[in-house]
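Let me begin by presenting the structure, written as structure tokens, before commenting on it.
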Amino acid sequence: MAINKNVESALEAKRQLAKEAKHSRKSERITPIQLIEQNVQEYIVGQDVAIRRILTAIYRSLYFKSIKSNILVIGSSGVGKTETLKQIAKRLNIPYTEEDATKYTQEGYYGKSVEDMLINLIVASQYDLQKAQKGMIIIDEIDKKTGDEKGVSGAKVLKSLLKIIEGTKYKLDDCIFDTSQLIIVFCGAFDGLEKIRDKRLGQGQIGFRQYENKATLQNRFTKQDLVQYGMPEEFVGRIDTIVEMNKLQKEDLVQILKKSRLSIFKRYQRELRNMGISLRYNPKLLELIAGRSLHLDTGARELSNTVNYIFEDIIYNVMANPGSYSECRLFFEIVDDNTRYKLS
Ligand SMILES: Nc1ncnc2c1ncn2[C@@H]1O[C@H](COP(=O)(O)OP(=O)(O)OP(=O)(O)O)[C@@H](O)[C@H]1O
Ligand SMILES: [Mg+2]
């Protein structure tokens, strides 16, 4: 009898364990990657290949735990490097911190600075160390740290960063920070890197776009390209994923204004609507705004300057006569002269 009882309780314990194991597997349920991808695409325009590749590298880091992901994102200013990373981090509930590699220059400072990055990440995680250790550190302007620079400002700083890339444990003031699961993303413009690639491929000047959908390893930027550019080999050697972001064309800027959830134009439209004022304009106005904003290498950044300019006088007048208007018509000329509108 007693033996039977023991067997029975042992079986029960086994069932319970199996149930718990199943439960814990379930609690680590993976959000299907395409859901995040589609969501990020509602914000970021013209970077579909890059979004997918960055997201894949981040998922690899999160769920293929034995393979560490150090990512390098290459693209000129204002094309969406930081914004893409932020959007992904938010959706996946990963804490992140944005750091500027050019800050890490002073003699004797660089060792401390790496620790500062970790502290910033702990703060971003609301002091949850476990969460911080699985966070993301975005390090901008890494291309300004080539091996050519003298002293600590160049290669040596990169070498100090290698420690976190390699998953060293850091002793901070009141905790030990294990960096082995951190997601490190380096960003940079790498002006002129295309020329090195074109030369390797034996081709003349071809725009970024030409390579976009050709997934061959050849067409991508390679580690050799980076070394030739001047990045130290021991640094390049630890990058697992090199992602290239497109230059934004005028049509991309139009799409950002029209469709992106980040569109500053749509935000003005929404705010005015909330005040009972509907905005009227010819859709071609968006092309004019895009054209005005298309300065060399500032990407989508200039859009907010142009759009803020357009609405400045309107806001003043709406605020001067609260509740008096229900419609605002924008004329094409408003891109050059922000008094060219009609409130009624
Ligand atoms: N592809 C894009 N789609 C929609 N909005 C974009 C895109 N790229 C940039 N933007 C807008 O421009 C702003 C600046 O972009 P972001 O900070 O990502 O630039 P970046 O590529 O990191 O440039 P930098 O090298 O100067 O840091 C974003 O906050 C966003 O509003
Ligand atoms: Mg940036």
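So, with +1 on the Cβ of K and R and -1 on the Cβ of D and E, and no other charges, what is the size of the charge dipole of the range 250-343 about its Cα centre, to the nearest 20 debye?
The calculated dipole for the range 250-343 is roughly 460 debye.
Which residue, E287, E312, E115, tops the fluctuation ranking in a GNM of the chain built on C-alpha contacts under 10 Å?
E312
Equivalent-ellipsoid semi-axes (√(5λ), Cα gyration tensor) for the chain, whole Å, largest first?
43, 31, 21
Using only Cα atoms, tell me the angle between helix 264-274 and the longest principal axis of the chain; keep it within 0 to 90° and round to the nearest 10.
That works out to roughly 80 degrees.
Have a look at I242, I30, N274 and report the one farthest towards the positive end of the charge dipole of the chain, computed about the Cα centre with Cβ charges (Lys/Arg +1, Asp/Glu -1).
Final value for the positive-end residue is I30.
Taking K134 as the anchor, which aspartates and glutamates have their alpha carbon closer than 19 Å to its alpha carbon, excluding any fewer than eight residues away along the same chain?
Partners within reach: E28, E98, E99, E115, D116, E166, D174, D178, D240.
If I build a Gaussian network model for the chain, linking alpha-carbon pairs within less than 10 angstrom, which residue out of Y316, Y268, Y127 has the largest mean-square fluctuation?
Highest fluctuation among the options: Y316.
In debye, nearest 20, what is the charge dipole magnitude of the chain about its Cα centre with +1 on Lys and Arg Cβ and -1 on Asp and Glu Cβ, if you could check?
For this selection, approximately 1360 debye.
Counting DSSP beta bridges in the chain, what percent are antiparallel, to the nearest 5?
Of all bridge pairs located within the chain, approximately 20 percent are antiparallel.
Using just the helices of the chain, give the 222 nm mean residue ellipticity in deg cm²/dmol: DSSP H runs with n ≥ 4 each add -39,500 (n - 2.57), and the total is spread over all residues, rounded to 500.
About -14500 deg cm²/dmol.
Would you work out which of G323, S113, G46 lies farthest towards the positive end of the dipole of the chain? Charges go on Cβ: Lys and Arg +1, Asp and Glu -1.
Farthest along the dipole direction, towards plus: G46.
Laboratory data are not the source of any read-out in this text; all were calculated from the coordinates shown. All values reported here derive from a predicted model rather than from experimental measurement. Heads up, the Cβs are rebuilt from the backbone with ideal geometry, glycines too, and the neighbour counts pull from every protein chain shown.
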